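Everything on this sheet refers to the single structure shown next.
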Amino acid sequence: MQTRALREYAARRGWTIALQVKEIGSGASQREKREQLLEAARRREIDVVLVWRLDRWGRSVTDLLASLQELEHLGVGFVSLTEALDLTTPAGRAMAALLAVFAEFEREILRERVRAGLAHARQNGQRLGRPLTAAHHADEVHKFYRAGMSKSEIARRLQIGRTSVRRMLKERMG
């Protein structure tokens, strides 16, 4: 049904279909067919991307906006049939500008939530950042160092970084 409607729309506009992409799947982060279509746009093989719905093209407002901006930069139009969004027209480009505003709003809200979550975790005494990986070797590092082993050899033997060895020795001695 969707394919037929898209083909009929293209025929009404007098467009020649250069590439048809049908991606099946649910929200996959890697969308190979869409990437192939973008590659065709980058090679200037297509003039317009026609989709059934916006959610068929982008999985988030941010993702949608980024790809629409790239298409605009490449001089490739974009039309979403069911939303009647045609970025080849001035009204469609105005709608894209509104989408940009909402995408920025979405990013700001996400940023605020992340900051609030980090602040809450800190207040509850939770340690943030990269987990300590080499620190559990501190006693062995000091034992080997006192036995006269070089820092490089200690790092090699314990399979940790030389910088970690130096830091552990400095913390205990300094």
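Each reported figure results from applying straightforward, stated rules to the coordinates on display, with no laboratory input. As the structure is a prediction and not an experimental result, all values here were calculated from the model. With ideal geometry, Cβ positions are generated from the backbone for all residues, glycine too; neighbour counts draw on all protein chains shown.
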task = Quick one: check the C-alpha center-to-center distance for the range 106-170 versus the range 83-103, whole angstrom.
result = 47
query = Which option, (1) 171; (2) 115; (3) 206, is the value of volume of the Cα convex hull per residue in Å³ that was calculated from these coordinates?
reply = (3)
task = Report the calculated FRET efficiency for GLN159 and HIS73 (r = Cβ-Cβ distance, R0 = 41 Å), to the nearest 0.05.
result = 0.30
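Hey, fewest Cβ within 10 Å first, where do TYR145, TYR9 land in order? Don't jump to the answer; show the numbers that get you there.
Numbers: TYR145 18, TYR9 14.
Final ranking by Cβ density, sparse to dense: TYR9, TYR145.
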key: Listed residues SER164, SER80, SER67, most fluctuating in the chain (Gaussian network, C-alpha, under 10 Å)   = SER164
message = Per residue of the range 149-155, what does 6.51 cos²θ - 1.76 cosθ + 1.60 with θ = phi - 60° give for ³J(HN,Hα)? Whole Hz please, x for Gly and Pro, Karplus curve as stated.
response = 6, 6, 4, 5, 5, 4, 4
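How much length would be gained if the chain were fully extended between VAL101 and GLU39, taking 0.36 nm per residue of separation minus their Cα-Cα distance, in nm to one decimal? Don't skip to the answer; put the middle values down first.
Details: separation 62, 0.36 × 62 = 22.32 nm, distance 2.66 nm.
Answer, rounded to one decimal: 19.7 nm.
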remark   = Among THR62, THR82, THR133, the residue with the largest mean-square fluctuation in a Gaussian network model of the chain built from Cα contacts under 10 Å is THR133
inquiry  = Among ALA41, ALA96, ALA84, which one shows the highest mean-square fluctuation when the chain is modelled as a Gaussian network with alpha-carbon springs under 10 Å?
reply    = ALA84
request  = Rounded to whole Å and sorted largest first, list the principal axis extents of the Cα atoms in the range 2-104.
outcome  = 35, 32, 26
query = Under a point spin-label approximation (7 Å from Cα along Cα-to-Cβ), what is the ARG166-ALA11 distance to one decimal in nm?
reply = 7.2
query = Most exposed first by the Cβ proxy, i.e. fewest other Cβ within 10 Å, how do ARG13, ARG146 rank?
reply = ARG146, ARG13
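Would you mind ranking VAL48, VAL165 so that the residue whose beta carbon has the fewest other beta carbons within 10 Å leads the list?
Working: VAL48 17, VAL165 26.
Least to most surrounded, the residues fall as VAL48, VAL165.
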